[in-house]
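Presented below is the structure to which this report refers.
The values are calculated or read from the model by the stated rules, or taken from the named source; none is laboratory data. Because the structure is a prediction, the values reported are computed rather than measured. Here Cβ is always computed from backbone atoms with ideal geometry, including for glycine, and neighbour counts include all displayed protein chains. These area figures cover heavy atoms from the full protein model, side chains too; ligands, DNA and RNA do not enter into them. Shrake-Rupley method; radii C 1.70, N 1.55, O 1.52, S 1.80 Å.
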Amino acid sequence: MALRILIVEDDFMIGIHLAEMLEGMGYEVCSVEATEADAVAAAERCRPDLMIVDAWLRDGSGIAAVATICRSRPVPHVFVSGDAASVRAVLPAAVVVEKPFREDVLARVIQRMVDDMAAPRDRGPD
């Protein structure tokens, strides 16, 4: 099964470009949303495996959307932003890809996220 990805991007052209790029990489784009509220609703509806999220939306915040979504179920996510430093100021451990981004950079970041999801967790001593 292909990884199901939710895209949250308020720039229509970037959202479409991301969807085409991700589908070309073999992923399933379950939804492209432009607002915080729509992102939260789509995450509940489609249950994505990964989210690609614009940090700053015209209607709401991608950061706030991720926080809301992850309260009910943790979902790995990558922020895309033209201002990565501001995202890291709010969320120092965030995975951020700076806009404009190249396809190979995004592909490497997604692969790293996939590898992290597949890695066995350290259960500690038995």
Exercise. Nearest 10 degrees, 0 to 90: what angle lies between the long axis of helix 62-72 and the longest principal axis of the chain (Cα atoms)?
Worked result: 40
Seminar exercise, completed: With only helices counted (DSSP H, runs n ≥ 4, each -39500 (n - 2.57)), the per-residue ellipticity at 222 nm for the chain, to the nearest 500, works out to -14000 deg cm²/dmol
Seminar exercise, completed: Once both label points are put 7 Å beyond Cα along the C-beta direction, the Gln111-Trp56 separation in nm becomes 3.1
Exercise. Under a Cβ-Cβ limit of 4.7 Å, which cysteines in the chain have nobody to pair with?
Worked result: Cys70
Exercise. Just how much of Asp11 is accessible, in Å², when a 1.4 Å probe is used and the result is rounded to the nearest 10?
Worked result: 60
Seminar exercise, completed: Rounded to the nearest 10, the angle in degrees between the Cα long axis of helix 36-46 and the longest principal axis of the Cα atoms of the chain comes to 50
Problem set entry | Solvent-accessible area per residue, Å², over the chain with all protein chains present [probe radius 1.4 Å] | 56
Exercise. Expressed in whole Å with the largest first, what are the equivalent ellipsoid semi-axes of the chain derived from the C-alpha gyration tensor as the square root of 5 times each eigenvalue?
Worked result: 21, 17, 16
